[in-house]
Amino acid sequence: MELKLEIIEKVKLLDEKYAAMGQDLNSYLEGLLYADYLTYWNYIHLDTLLSLQSPLTNIPDEEIFIMYHQITELYFKLCIHEYKQICNHTALTADYLLTRVNRINRYFDALTMSFDIMSEGMEKEQFLKFRMSLLPASGFQSAQYRMIEIYTTPFTNLMHKDYRGKYAEVPADTEIEKMFEHIYWKEGATELATGKKTLTLKQFEGKYANQIIALAKEYKGNNIWMLYKQLPEADQKNTKLIEALQHLDVNVNINWPLAHYKTAVAYLHKSPEDIAATGGTNWQKYLPPRFQKRIFFPTLWTDAEKEEWGKHWVKKYVFNA
Ligand code: HEM
């Protein structure tokens, strides 16, 4: 049997490739003779993936809760995959930034749209039972969620409202350590009664504080906002790019938090007194975007838009007003 020309060409190319590394193509070809065919299930590690759900109770809806959190973390990982490529790019262009920010927006759109799986897709009675077995764990402890913020905006924008704007856009490394004490989310995990850090927060900081501070130092000059500002002026005026960045701001700081908040309302809202959150925190006062007013790109918004941050959406979608 005669070998096709294209096969011979490929073998030549392979020979060159392996020779360049001092390797013997013949041995590799022999290896191919014994190698098994790739299967779908091995490629995506399906058995491992499907073995990662370990409910702590035998309440059926807990499986939904676990899997949806896992799905969310995978989407966060997809976002971070893009952030890393943008932030470490050696010759970033507006085009590249736009394409990749759009990818992140798609992931967040998907997460926001699917959040009904949480807010409507579990029985309240079941949820209120199994959540007690999961204490003091909380989605609050999602490190990837906090990392996404650091890749996107200067650290000063992530300070608690009272400390925002008090630090440089690109702070010194020693400053970042001080700033960490005033990061906005510490408020969400402080005990109402005593003002002390909740166990949820203490555990989170024990595991991730150093990593988060290191990330803030690493990306202080090359987060999305700083990179955008380094683009040529004409590119910074590109409407599509500005809209994509605004979309990202709204996605991460309004749409997703509101879909999430709506879920907390669905399960934990109870007259006259709400059901306590994981660490006895006041989630009604902490979670709504209109109170947190986290904004990644403040100068892309008018004062009126910042004033209205998250309000309209709350009325319309959470309380059906
Ligand atoms: C029934 C579903 C859920 C309920 C009732 C709920 C409730 C809450 C509450 C009350 C808090 C405030 C902190 C605390 O005391 O724990 C919180 C924080 C948080 N949860 Fe959830 N959650 C749900 C699902 C999820 C999911 C699926 C994720 C995805 C990872 C998630 C991620 C977060 C994050 C990132 C925070 C911190 C938000 C911030 O700091 O602004 N949650 N959640």
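Which angle between 0 and 90 degrees, to the nearest 10, do you get for helix 143-152 versus the longest principal axis of the chain when only C-alpha atoms count? That works out to roughly 80 degrees. Among Ala143, Ala172, Ala94, the residue with the largest mean-square fluctuation in a Gaussian network model of the chain, with springs joining Cα atoms closer than 10 Å, is Ala172.
Can you tell me the accessible area per residue over the chain, all protein chains present, probe 1.4 angstrom, in square angstrom? Walk me through the numbers before you get to the answer.
Numbers: 18610 Å² over 321 residues.
Averaged over the residues of the chain, the accessible area is 58 Å².
Entry note, the chain: the mean residue ellipticity at 222 nm calculated from DSSP H runs of n ≥ 4, each adding -39500 (n - 2.57), is -16000 deg cm²/dmol after division by the residues and rounding to the nearest 500.
Mind checking which of Tyr40, Tyr28, Tyr151 has the largest fluctuation in a GNM of the chain, springs on alpha carbons under 10 Å? Checking each option, the largest mean-square fluctuation is seen for Tyr28.
Taking Cα centre as origin and charging only the Cβ of basic (Lys, Arg, +1) and acidic (Asp, Glu, -1) residues, the dipole magnitude of the range 55-318 rounds to 300 debye.
Between helix 94-114 and the chain, what is the angle of the helix's C-alpha long axis to the longest principal axis, kept within 0 to 90° and rounded to the nearest 10? With rounding to tens, the tilt is 60 degrees. Of all the options Asn58, Asn253, Asn282, the one that moves most in a Gaussian network model of the chain with Cα springs shorter than 10 angstrom is Asn58. Treating the chain as a set of equal point scatterers at the Cα positions, no solvent, please give the Debye-formula log₁₀ I(q)/I(0) at q = 0.07, 0.10 Å⁻¹. Relative scattering, expressed as log10 I(q)/I(0), comes to -0.38, -0.70. Quick one: which residues, 5+ away or cross-chain, put their amide H under 5 Å from the amide H of Thr190? H built at 1.01 Å from N. Here the answer is Thr198, since their amide H atoms fall under 5 Å of that of Thr190.
Fully extending the segment from Ala209 to Lys12 would add 65.7 nm, taking 0.36 nm per residue of separation and subtracting the current Cα-Cα distance.
Based on alpha carbons, the Rg and Dmax found for the range 1-118 are 22.8, 64 Å.
Residue by residue, the range 198-215 carries 3J(HN,Hα) couplings of 6, 4, 3, 6, 4, 5, 4, 5, x, 8, 10, 3, 4, 5, 5, 5, 4, 5 Hz when phi is fed to the Karplus relation 6.51 cos²θ - 1.76 cosθ + 1.60 (θ = phi - 60°); x denotes Gly or Pro.
Loop-located GluC sites (Glu not before Pro) in the range 91-138 (DSSP state other than H, G, I, E, B) with a sparse environment of at most 13 neighbouring Cβ atoms within 10 Å: Glu120, Glu123. Sites count as exposed loop sites when they are trypsin sites (Lys or Arg not before Pro), lie in a DSSP loop, and have at most 15 other Cβ atoms within 10 angstrom; the longest stretch of the chain without one is 5-165. Under the combined filter of DSSP loop state and at most 13 neighbouring Cβ atoms within 10 Å, the range 143-216 retains these GluC sites (Glu not before Pro): Glu181. Under 17 Å from a label point set 7 Å out along the Cα-to-Cβ vector of Lys4, the amide N atoms of the range 13-35 belong to 13-14. Once you reduce the range 217-251 and the range 89-115 to the center of their Cα atoms, the two points are 11 Å from each other.
On the accessible surface of the range 55-318, probed at 1.4 Å, how many percent belong to carbon and sulfur atoms?
Values: 7080 of 12930 Å².
Here it works out to 55 percent.
The values are calculated or read from the model by the stated rules, or taken from the named source; none is laboratory data. The model shown is predicted, which means the values in this text are computed figures rather than measured ones. All Cβ positions, glycine included, derive from the backbone under ideal geometry; neighbour counts span all protein chains shown. Just the protein is used for accessible areas: all its heavy atoms, side chains included, with ligands, DNA and RNA removed. Shrake-Rupley method; radii C 1.70, N 1.55, O 1.52, S 1.80 Å.
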